[in-house]
Structure formats: structure tokens, C-alpha cells
Amino acid sequence: MVKIAPSLLAADSACLGKAVSDLEASGADFIHFDVMDGHFVPNITFGPKILQELKKYTSLPFDVHLMVTNPDECIAWYADAGADLITFHLEASDNPQHTLQLIKKHQLKSGITLKPSSDIKQIIPFIDYVDLVLVMGVQPGFGGQKFYPDTPDRIKQTKDIIAHRPVLLEVDGGVNFQNVSLCVNAGADILVAGTAVFQNGALSENIKALKGKFL
Ligand code: DX5
Ligand code: ZN
């Protein structure tokens with residue numbers, strides 16, 4: 001069963017508590033937090049205090065996507081704030097094995113990801129140590145961007161690399177009603193969607209429509 005992880009980046013930032021409660025009520029499976037530091041990407045978003053305070057508005061797992069230049073330093077902050085899964089960019093870590101050990105030390109699920117321009121083969125040394133690989137459909141930094149056409153190929157390539165391992169494949173960025181089946185058929189287990197889930201404020205209908213594409 002494919003799962004939906006709405007990106008809170010697309011929510012009304014003035015009403016995040018209501019947004020996460022509504023997402024849970026609308027059938028979301030995770031809350032996806034796009035953490036951006038203004039250095040790794042030209043945008044700044046959620047600090048750990050926001051996650052800590054949102055914990056009381058939902059029981060959904062917190063799926064934290066670190067788009068930061070210092071993932072090692074951020075792990076404890078977001079683990080203590082209530083993260084359940086932490087994914088970091090291989091481009092931002094000079095010792096990904098160490099970063100993975102830090103995540104495991106906090107008894108959290110771990111994920112790795114790459115910018116769309118990075119060679120997917122870079123994940124190979126780490127696939128026996130992670131719980132998830134996140135395939136980006138857009139350049140990290142902003143919601144509402146266009147889905148890169150080579151994303152299904154990158155999903156398939158990732159699926160082949162992690163084959164027969166207990167590693168989930170998550171797709172993030174530009175996922176919508178037109179390309180969701182492409183993503184799932186290529187091997188996606190979890191879909192991150194911001195714009196598609198929040199459009200017209202019809203959370204429940206949009207999540208149902210995304211899930212309905214491959215039920
Ligand atoms: C981009 C983020 C994505 C993005 C998804 O850096 O990682 O999660 O917010 O939002 P949409 O679905 O609007 O592309
Ligand atoms: Zn993301």
C-alpha cells in the first residue's frame with residue numbers, strides 16, 4: 001500500500017497546528033518537514049521548536065528531510081523535537097556513515113537523498129545501513145516546482161540498486177495527479193506531495209485522489 005507524506009511547506013504557515021490535525025483527519029500517513037537552512041538551499045523553514053509544538057496536534061510520524069549544510073549537528077535537535085525518520089543529503093555530509101550512526105543512536109529511522117543532478121550510484125555504499133532512499137523530483141529548496149521528466153528513470157534506477165533489501169523508496173518534489181502512477185509504477189513506496197495535497201484546501205479529496213490512482 002503506497003503511503004502519502006504531505007509536505008508542510010505547502011501549508012499556511014500561520015496555521016500549522018490546524019494543518020497537521022487536518023492532514024491526519026484527511027488520511028495522510030506521515031507529515032513531511034522540509035528543513036532548510038538558507039545555505040544548502042536558498043530558503044529557510046522549520047526549526048526544531050516548531051516540530052516539538054506540532055507533536056501535540058497529530059499522532060502521525062514526522063518525516064524530516066534535512067536540506068542543511070550541517071546534518072550531523074541538526075540530528076539531535078530534530079530527534080529531541082520528535083522526528084521519527086531523518087533523511088539527509090549525501091552532498092551535505094563528509095562522512096555519511098557517521099551521520100547514519102548519529103541517527104541510529106537516537107533510535108530513529110534513517111534516509112539518504114541526493115539532488116537531481118547527483119549520480120544515483122552514490123547511494124550504493126550506504127544501502128545496507130539505511131531504512132529509506134528519497135528520490136528528488138525537483139531541485140531542493142521550494143515547493144510548487146515542475147517535476148523533472150527523468151525522475152521515473154531515477155526511481156527505477158534506485159529501485160534496482162536497493163532490490164531485495166528492506167529499504168523504502170520515497171519520492172519528493174513535483175508529485176501530482178498526472179505523474180503519481182508513473183512514480184508508483186517505477187517503484188515508489190511513499191510519495192511526498194505539497195502543492196497537490198493542499199490545492200483548493202481540499203486535503204481529504206486530494207489525498208484520496210492521489211491514493212485512488214493506485215489503490
Ligand atoms: C523541495 C521539498 C519538497 C517540496 C514538495 O525542496 O523537498 O518536499 O516541498 O512540494 P511540492 O509537492 O509542492 O513540489
Ligand atoms: Zn522534502
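We did not get these values from a lab; they are worked out from the coordinates using the rules stated. Just so you know, these numbers come straight off a predicted model, no measurement behind them. For neighbour counting, all protein chains shown are included, and Cβ atoms are generated from backbone atoms with ideal geometry for every residue, glycine included.
Could you tell me what a quarter of the Cα convex hull surface of the chain works out to, in nm² with one decimal place?
Result: a mean projected hull area of 10.5 nm².
Taking Lys208 as the anchor, which lysines have their alpha carbon closer than 16 Å to its alpha carbon, excluding any fewer than eight residues away along the same chain?
Once the sequence-local lysines are set aside, what remains near Lys208 is Lys3.
Just to be sure I understand the model, the point goes 7 Å from the Cα along the line to the Cβ. What's the resulting Phe142 to Ala76 distance in nm?
The two pseudo-label positions are separated by 3.5 nm.
Could you work out the relative contact order of the chain? I mean the mean sequence separation of Cα pairs under 8 Å and 6+ apart, divided by the number of residues, in percent.
Computed over the chain, the figure is 21 percent.
Assigning unit charges at the beta carbon (Lys, Arg +1; Asp, Glu -1) and nothing else, what dipole magnitude in debye, to the nearest 20, does the chain show about its Cα centre?
So the dipole magnitude of the chain works out to roughly 420 debye.
Using the Kirkwood radius built from alpha carbon pairs, what does the Stokes-Einstein equation give as D for the stretch 116-155 at 37 °C and 0.692 mPa s, in µm² per second?
286
What whole number of Å gives the distance from the Cα centroid of the stretch 24-69 to the Cα centroid of the stretch 107-178?
The two parts, judged by their Cα centres, are 18 Å apart.
Given a Förster radius of 22 Å and the C-beta distance between His98 and Thr69 as r, what FRET efficiency does 1/(1 + (r/R0)^6) yield to the nearest 0.05?
After rounding to 0.05, the efficiency reads 0.90.
Within the stretch 53-85, whose backbone N sits under 12 Å from a point 7 Å along Cα→Cβ of Lys105?
Residues 72-77 qualify, since their backbone N sits under 12 Å from the label point.
Kindly flag which residue pairs out of Lys104/Lys146; Lys49/Lys121; Lys104/Lys159 have an alpha-carbon separation exceeding 31 Å in this structure.
Lys104/Lys146; Lys49/Lys121
Need one number for the stretch 38-120: average projected area of the convex hull over its C-alpha atoms, nm².
5.7
Run lengths n ≥ 4 of DSSP H only: what is the helix-derived mean residue ellipticity at 222 nm for the chain, with -39500 (n - 2.57) per run over all residues, to the nearest 500?
So the helix-based figure for the chain works out to -9500 deg cm²/dmol.
Where does the stretch 157-215 land on Rg(C-alpha)/(2.2 N^0.38 Å)?
Ratio of Cα Rg to 2.2 N^0.38 Å: 1.19.
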